[in-house]
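The values are calculated or read from the model by the stated rules, or taken from the named source; none is laboratory data. This one's a predicted model, so the numbers in the text were calculated from it and none came from an experiment. Every residue, glycine among them, receives a Cβ derived from its backbone with ideal geometry; neighbour counts consider all protein chains shown. Surface accessibility is based on the protein's heavy atoms, side chains included, excluding ligands, DNA and RNA. Shrake-Rupley method; radii C 1.70, N 1.55, O 1.52, S 1.80 Å.
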Amino acid sequence: MSDTNGPRALLKRIRVWLIVFVVCLVLSGVTAFPLVTELRLLDSSLEGWAAPVAEFLPGLAEWIDRVRGGLETADAQSPYLLYGTDWLAFAHLVIAVAFYGVHRDPVRNIWVVEFGMIACVGIIPLALICGPLRGIPFWWSVIDMSFGVVGILPLLHVRRLIKRLEAVTATPAPEAVPA
């Protein structure tokens, strides 16, 4: 019978959760590159096979259409504006690479997990402040904030697992020898 709380089991669980988190982070980043194409596909799907969604959520369909139009205009007239989303995508990929250190040595690199948790929390004030400044509907800001809430959950779990791993692998301090 294997020990589910032993160092090897904890390390395996940490690594599995890290892989899930990193895959999601990479997917989130990679999808920021082809925004114009993605919005065209999404908008056409809301007029086609996903029409029931558009009928149920007309505000969503209108917003997707508006964003698609804006991105197409920016792409045609000022494509350099989309360079900002390229940097957003790149940042996601760079942050994902940082988690390799946690994969190698979770206890020593727990700070990367804590940094990720801080970033997840930071999404909320960013969405609440910048969303209204940029004319983003509140419900869309809530969707953006959900990335922080969803993202922090596996990181909290990984942090707890790392703390348990640290506790089970800690070497006891040597006893003081009386003089």
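Observations, loosely collected:
- By accessible area with a 1.4 Å probe, ligands and nucleic acids excluded, highest first: order of 63, 140, 17: 17, 140, 63
- Added length on full extension, which subtracts the Cα-Cα distance from 0.36 nm per residue, residue 44 to residue 23: 4.8 nm
- Surface exposure of segment 68-131, expressed per residue as accessible area with a 1.4 Å probe, stands at 61 Å².
- For segment 34-121, taking Cα atoms only, Rg and Dmax work out to 18.6, 51 Å respectively.
- Gap separating the Cα centres of segment 34-87 and segment 120-135, nearest whole Å: 20 Å
- Only the Cβ atoms of Lys and Arg (+1) and of Asp and Glu (-1) were treated as charged; on that basis the dipole of the chain about its Cα centre amounts to roughly 880 debye.
- Segment 1-72, accessible surface, carbon-and-sulfur percent (1.4 angstrom probe): 68 percent
- With respect to the chain, whose longest principal axis is taken over its alpha-carbon atoms, helix 35-47 is tilted by about 60°.
- Note on exposure: 12, 163 ranked by accessible area (1.4 Å probe, complete protein assembly) read 12, 163, with the most exposed listed first.
- Calculated diffusion of the chain, Stokes-Einstein form, Kirkwood radius summed over Cα pairs, 20 °C and 1.002 mPa s, µm²/s: 111 µm²/s
- Largest to smallest accessible area among 114, 175 [probe 1.4 Å]: 175, 114
- Remark: segment 117-131, residue by residue, has Karplus-estimated 3J(HN,Hα) of 5, 4, 4, 4, 5, x, 4, 5, x, 4, 5, 6, 8, 6, x Hz, where x stands for each Gly or Pro and the curve is 6.51 cos²θ - 1.76 cosθ + 1.60 at θ = phi - 60°.
- Against the chain, whose longest principal axis is taken from its Cα atoms, helix 138-169 shows a tilt of about 10°.
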